[in-house]
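Participant: Structure provided below as structure tokens; questions to follow.
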Amino acid sequence: MGNQRQNISKVSFQAKAMYLSLKSFRRFSKKIFTKILFNPARGTNEISAKKLNAEISIKEFDIKGFSAITVFNDASTEKHILFFHGGGYTVEALKGHRTLVEKLVQQYHFKVTSLDYPLAPENTAEKTIDVAEKAYSFLCSEYRNDSIYLLGDSAGGGLALALLQILRDKQEEKMPQKTVLLSPWLDITLSHPEIADFEHKELILDVDALRKCGLQYAGSLEPKDPGVSPIYGNHSGLGAIHIWVSDHEILCPDCVLLHKKLIAAEGSSSTLTVKHKLVHDWIVMPLPERDVTIMEVAEFFTQTSTTQRDSSVLI
């Protein structure tokens, strides 16, 4: 994996408490997660004008009947993030996603567009990808001077990578130069043989439940189609990608595999940051590690030069 620096920092008290609590009730927490996936709430509108900080400016627009909202303030630069929230392709954006958007705007002065993309079971991947692609094209047209980056957590990370490959295949003139994937779900089949070694450490995600959700989302697409499992796609020409994952997630093996594929691909570069003993998608949880990761994401997007082609960091 090239040069690898290992620097295991102390886990915060809050993260330890959350970890121990979830570990004590692992079966219960996984049942709750599964119930949420298959009985998702609708109309929560967590990223909306009503719930966003009043000091933030917004513009709302429609993409084929699905809403999107661009969030910015007076200090926002021409660095513009298109954000895809996680939730197993069935769950709407959560309060933690709103916090992520607000911090990127208020503390780091990005513009952020959050897309309320089509969700399963009402929709399938072909429609979701089409809406995501049109949202990207709209931003390129509406904000011609902006640099558009992609950001996605969990399932949103899978969607971001799938979209990136499609934009590359269609030879879009304005490709995203940088992409951030946070605890990304890269393979709906979860067939990596090393996943079994992580199941005893995973405190939230249930493999069988995710596979069912993945097939539901795939619709007519094959489970290993890059549109739903972008780990199987062509990884050349994708620009700079930074992946964050925890060493206690079942998604970790696929993140390591993607990192290896990217550093071997022409026209792509990858940085992999593996956090120690954090729960899946900590980026949406009220933890000090969330704020550190948001700072790291902002630094990646703002730095003028790309990171080392084969860098990998365990933190």
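Bear in mind that the values in this text are calculations on the coordinates, not laboratory data. The model shown is predicted, which means the values in this text are computed figures rather than measured ones. Every residue, glycine as well, gets a Cβ built from its backbone with ideal geometry; the counts of neighbours run over all protein chains shown.
Participant: Given the pairs Lys212/Lys275; Lys170/Lys224; Lys23/Lys275; Lys50/Lys212; Lys50/Lys95, which span a C-alpha to C-alpha distance of over 23 angstrom in this model? Walk me through the intermediate numbers first.
Facilitator: Working: Lys212/Lys275 28 Å; Lys170/Lys224 20 Å; Lys23/Lys275 18 Å; Lys50/Lys212 34 Å; Lys50/Lys95 13 Å.
Beyond 23 Å between Cα atoms: Lys212/Lys275; Lys50/Lys212.
Participant: Once you keep just the Cα pairs under 8 angstrom separated by 6 or more residues, what percentage relative contact order results for the chain?
Facilitator: Rounded, it is 21 percent for the chain.
Participant: For the pair Ala17/Asp130, report the inter-label distance in nm, with labels modelled 7 Å from Cα in the Cβ direction.
Facilitator: Label-label distance for Ala17 and Asp130, simple model: 4.8 nm.
Participant: Picking from Pro253, Ser76, Leu159, whose Cα lies most toward the positive end of the charge dipole for the chain (charges on Cβ: Lys, Arg +1; Asp, Glu -1)?
Facilitator: Towards the positive end, the residue furthest out is Pro253.
Participant: Taking amide H positions as placed 1.01 Å from N in the peptide plane, with prolines and chain starts having none, which residues 5 or more places from Thr273, or on another chain, fall under 5 Å of its amide H?
Facilitator: Counting only residues 5 or more places away or on other chains, the set is Ile243, Trp244, Val245, Val313.
Participant: Spelling out what I want: for every residue of the stretch 35-50, take phi, set θ = phi - 60°, compute 6.51 cos²θ - 1.76 cosθ + 1.60 (Karplus), and round to whole Hz; glycine and proline get x.
Facilitator: For the stretch 35-50, the Karplus-derived couplings read 4, 5, 4, 9, 9, x, 6, 10, x, 6, 6, 5, 9, 8, 4, 5 Hz, x marking Gly and Pro.
Participant: Using θ = phi - 60° and the Karplus curve 6.51 cos²θ - 1.76 cosθ + 1.60, what whole-Hz ³J(HN,Hα) does each residue of the stretch 73-80 get, with Gly and Pro shown as x?
Facilitator: Once rounded to whole Hz, the list reads 9, 5, 8, 4, 8, 8, 8, 10.
Participant: Round to the nearest 0.05 the FRET efficiency obtained for Glu78 and Asp197 when R0 = 51 Å and r is the Cβ-Cβ distance. Before the final figure, lay out each step's value.
Facilitator: Values: r = 44 Å, r/R0 = 0.86.
That gives a FRET efficiency of 0.70.
Participant: Here's another thing I want to ask about it. Treating the beta-carbon of each Lys and Arg as +1 and of each Asp and Glu as -1, no other charges, what is the dipole magnitude of the stretch 4-314 about its Cα centre, to the nearest 20 debye? Present the calculation step by step, with values, prior to reporting the outcome.
Facilitator: Working: 36 positive and 38 negative charges, 159 e Å.
Dipole of the stretch 4-314, to the nearest 20 debye: 760 debye.
Participant: Moving to a separate point now. Which shape class applies to the stretch 74-183: rounded if a/c is under 1.5, otherwise prolate when a/b exceeds b/c and oblate if not, where a ≥ b ≥ c are the square roots of the Cα gyration tensor eigenvalues?
Facilitator: Numbers: a/c = 1.87, a/b = 1.12, b/c = 1.68.
Note, shape of the stretch 74-183 comes out oblate.
Participant: How high is the FRET efficiency from Lys64 to Lys174, r the C-beta distance, R0 22 Å, rounded to 0.05? The partial results should precede the final answer.
Facilitator: On the way: r = 21 Å, r/R0 = 0.93.
It comes out at approximately 0.60.
Participant: Can I ask one more? Is the stretch 1-139 best put as rounded, prolate or oblate by its Cα gyration tensor, with a ≥ b ≥ c the root eigenvalues, rounded for a/c under 1.5, and otherwise prolate when a/b is larger than b/c, oblate when not? Write down the numbers at each step before the final one.
Facilitator: On the way: a/c = 1.69, a/b = 1.23, b/c = 1.38.
It is oblate, given that a/c is not under 1.5 and a/b is not larger than b/c.
Participant: Rounded, prolate or oblate, given the Cα gyration tensor of the chain, with a/c below 1.5 counting as rounded?
Facilitator: Values: a/c = 1.20, a/b = 1.15, b/c = 1.04.
Rounded is the answer for the chain, as its axis ratio a/c remains below 1.5.
Participant: Let me check against my output: what whole-number percent is the relative contact order of the stretch 100-255, with C-alpha pairs under 8 Å and at least 6 apart? Present the calculation step by step, with values, prior to reporting the outcome.
Facilitator: Numbers: 232 pairs, mean separation 42.8, N = 156.
So the answer I get is 27 percent.
Participant: Oh, and also: Put a dot 7 Å past each Cα toward the Cβ at Arg144 and Asn45; how far apart are the dots in nm?
Facilitator: 3.4
Participant: Quick one: Karplus J couplings for the stretch 93-110, per residue in order, coefficients 6.51, -1.76, 1.60, θ = phi - 60°, nearest Hz, x for Gly and Pro?
Facilitator: These are the phi-based 3J(HN,Hα) values: 4, 9, 4, x, 5, 4, 4, 4, 4, 4, 5, 5, 7, 6, 8, 10, 6, 7 Hz.
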